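The values are calculated or read from the model by the stated rules, or taken from the named source; none is laboratory data. For clarity, every value in this text was computed on a predicted model and none was experimentally measured. We place every Cβ from the backbone using ideal geometry, glycine too, and count neighbours over all the protein chains shown.
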Amino acid sequence: MDASGLRLMAVHAHPDDESSKGAATMARYADEGVDVLVVTLTGGERGSILNPAMDIPGIADRIQDVRREEMAAAAAALGVRQHWLGFIDSGLPEGDPLPPLPEGCFALVPLEEAVEALVKVIREFKPQVMTTYDENGGYPHPDHIRCHEVSMAAFEAAGDPDAFPDAGPPWTVSKIYYDHGFSLKRLETFADEYARIGEPFPLQEWLDRMREYKRGDAWHRVTTQVEASKYFPQRDDALRAHATQIDPNGAFFAIPLELQQRLWPTEEFELAKTRVSTAVPETDLFAGIESDKR
C-alpha cells in the first residue's frame with residue numbers, strides 16, 4: 001500500500017455503493033500503487049434482499065453480519081481497504097406521504113457528529129483526493145444526500161486546526177469529486193448500439209426511468225473521465241460479492257462486458273472543489289497533485 005505516495009478516499013453511504021460507483025477507477029488506482037480507502041458510512045442494515053437466490057432462511061435475521069462479509073469480499077475484489085464509520089442505515093422511505101425516518105438512523109444524526117467521525121478518518125488516512133455524491137445524492141436516498149453533506153463539510157473541516165481538535169492533527173485534502181457513473185448519455189450510447197445491430201435493448205425499462213428522472217442529465221457537469229475498462233471485470237466481481245443486493249442475472253450485467261469496454265471504457269466524475277491547479281477536462285483524479293510519500 002501507498003507505493004505511489006498517493007491516497008484516494010471514496011466515501012459511500014452503504015455497502016455495495018462502492019461497487020456500483022467508481023469501482024473500476026478505484027481498482028485501477030490500487031493496481032497502480034495508490035492507497036485506496038473506501039469509507040462506508042452505514043452498515044446497510046435496512047437494505048432489502050434484492051437477489052431472489054439470497055432470500056432464504058438465515059440471511060435476513062443476520063443481515064448486518066452478511067453485509068459486512070459481502071463488503072469484505074468486494075474490497076478484496078477491488079484490491080482496496082475499507083473502513084466502517086458505524087452509523088445506522090436510514091432505509092429508503094416509501095409511500096405518500098413518506099413515513100418518518102427511523103429514530104437513530106444516519107440521516108437524523110446531528111451533522112456535526114457525523115462530520116467529526118469522518119474528519120478523524122481523513123486526518124488519519126491523509127488522502128489527497130476524495131470522491132462522494134453530488135447534492136442530489138446520485139438519487140434521493142436520505143443517506144446518499146447526507147453522505148454528500150457530511151463529505152463536503154469534512155473536506156472543509158479536516159484542514160482547519162480549529163475544527164474538531166480531538167480528531168487529530170489537521171490534514172488538507174487537495175480535491176473532492178462527485179461520482180457521475182449513472183449517466184443518461186452512457187445508457188443511450190448502449191441503446192444506440194443495440195438499435196444499430198437490430199436487437200432489443202435489454203435495459204430499455206431502466207433507460208425510460210432514467211429519462212424520466214434525469215430530465216436535464218448531469219452530463220454537462222462531468223469534468224473528468226478515467227479510463228478503467230481493464231478493471232471492469234474486477235468491478236463486476238465486487239458487485240457480485242454483494243449477493244443480497246445484486247442479482248447476477250440483473251441489470252448490472254445485461255450489457256456484455258466486451259461491448260461496455262469498447263463503447264464506454266471510462267468512469268465519470270465532477271471536480272467539485274480543488275485546492276490545486278488543474279485543467280479540465282481531466283483524465284486523472286490526481287491531476288495537479290504531486291506524490292507525497294510519508
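Whether any residue in the stretch 24-34 is at pLDDT 95 or above and among the polar types (S, T, N, Q) is what I want to check.
Here is the first cut: in the stretch 24-34, the residues at pLDDT 95 or above are 24-34.
When the remaining residues are screened for being among the polar types (S, T, N, Q), the result is 25.
Looking through the stretch 24-34, at least one residue is at pLDDT 95 or above and among the polar types (S, T, N, Q).
Restricting the stretch 155-178 to residues that are under 16 Å from T274 (Cβ atoms) and buried (at least 18 other Cβ atoms within 10 Å of the Cβ), the residue that is farthest from the chain's Cα centre (by Cα) is A158.
Among the candidates H141, H180, single out the residue that is in contact (Cβ under 8 Å) with a residue 40 or more places away in the chain and either in contact with a His (Cβ under 9 Å, 6 or more places away or on another chain) or farther than 30 Å from P102 by Cβ (or both). Outline the logic, then answer.
Numbers: H180 fails: either in contact with a His (Cβ under 9 Å, 6 or more places away or on another chain) or farther than 30 Å from P102 by Cβ (or both).
Result: H141 is the single residue among H141, H180 that is in contact (Cβ under 8 Å) with a residue 40 or more places away in the chain and either in contact with a His (Cβ under 9 Å, 6 or more places away or on another chain) or farther than 30 Å from P102 by Cβ (or both).
Scanning the stretch 230-277 for residues that are in contact with a helix residue (DSSP H, G or I) (Cβ under 7 Å, 6 or more places away or on another chain) and assigned to a strand (DSSP E or B) gives E267, E270, K273. If we scan the stretch 80-87, do we find a residue that is of a type in the set (S, T, N, Q) and assigned to a helix (DSSP H, G or I)? Looking for residues that are of a type in the set (S, T, N, Q) and assigned to a helix (DSSP H, G or I), one finds none in the stretch 80-87, hence no.
Here is a yes/no grid of residues against (1) under 22 Å from the mean Cα position of the chain (by Cα); (2) outside the structural domain of Q261 (by TED's automatic domain parsing):
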| residue | (1), (2) |
| --- | --- |
| Q204 | no, yes |
| L207 | yes, yes |
| M210 | yes, yes |
| V226 | yes, no |
| Y231 | yes, no |
| D237 | yes, no |
| T244 | yes, no |
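Reported count of residues in the stretch 26-61, each being in a helix (DSSP H, G or I) and either free of Cβ contacts under 8 Å to residues at least 60 places away in the same chain or surrounded by 14 or more Cβ atoms within 10 Å (Cβ to Cβ) (or both), is 9. Restrict the check to the stretch 181-196 and report whether at least one residue is of a type outside the set (S, T, Y) and either closer than 12 Å to A272 by Cβ or within 14 Å of the chain's Cα centre (by Cα) (or both). Within the stretch 181-196, one or more residues are of a type outside the set (S, T, Y) and either closer than 12 Å to A272 by Cβ or within 14 Å of the chain's Cα centre (by Cα) (or both). Taking the numbered list (1) on the phi < 0 side of the Ramachandran plot; (2) at pLDDT 95 or above in turn, G168 passes all entries but (1).
Once the stretch 279-294 is narrowed to residues that are at pLDDT 95 or above and in contact with an Asp or Glu (Cβ under 9 Å, 6 or more places away or on another chain), the residue that is farthest from A228 (Cα to Cα) is G288.
Being out of contact with any helix residue (DSSP H, G or I) (no Cβ under 6 Å at 6 or more places or on another chain) and β-branched (V, I, T) is a condition met by at least one residue of the stretch 282-290.
Quick one: count up the residues across the stretch 105-146 that are of a type outside the set (S, T, N, Q), part of a loop (DSSP other than H, G, I, E, B) and within 26 Å of A218 (Cα to Cα). Don't jump to the end; show me each part of the working.
Start the filter on the stretch 105-146 by keeping residues that are of a type outside the set (S, T, N, Q), which leaves 105-127, 129-130, 133-135, 137-146.
In the following step, the residues that additionally are part of a loop (DSSP other than H, G, I, E, B) were identified as 105, 109-110, 126-127, 133-135, 137-141.
Cutting the leftovers down to within 26 Å of A218 (Cα to Cα) gives us 133-135, 137-141.
Counting residues in the stretch 105-146 that are of a type outside the set (S, T, N, Q), part of a loop (DSSP other than H, G, I, E, B) and within 26 Å of A218 (Cα to Cα) gives 8.
Here E18 passes the criteria (1) among the charged types (D, E, K, R); (2) within 18 Å of D237 (Cβ to Cβ); (3) at pLDDT below 95 except the one numbered (3).
Among the numbered conditions (1) buried (at least 17 other Cβ atoms within 10 Å of the Cβ); (2) of a type in the set (S, T, N, Q); (3) in contact with a Gly (Cβ under 6 Å, 6 or more places away or on another chain), the only one that Q64 does not meet is (1). When the criteria are applied in full, V66 fails the requirement of being assigned to a strand (DSSP E or B) and not polar (S, T, N, Q).
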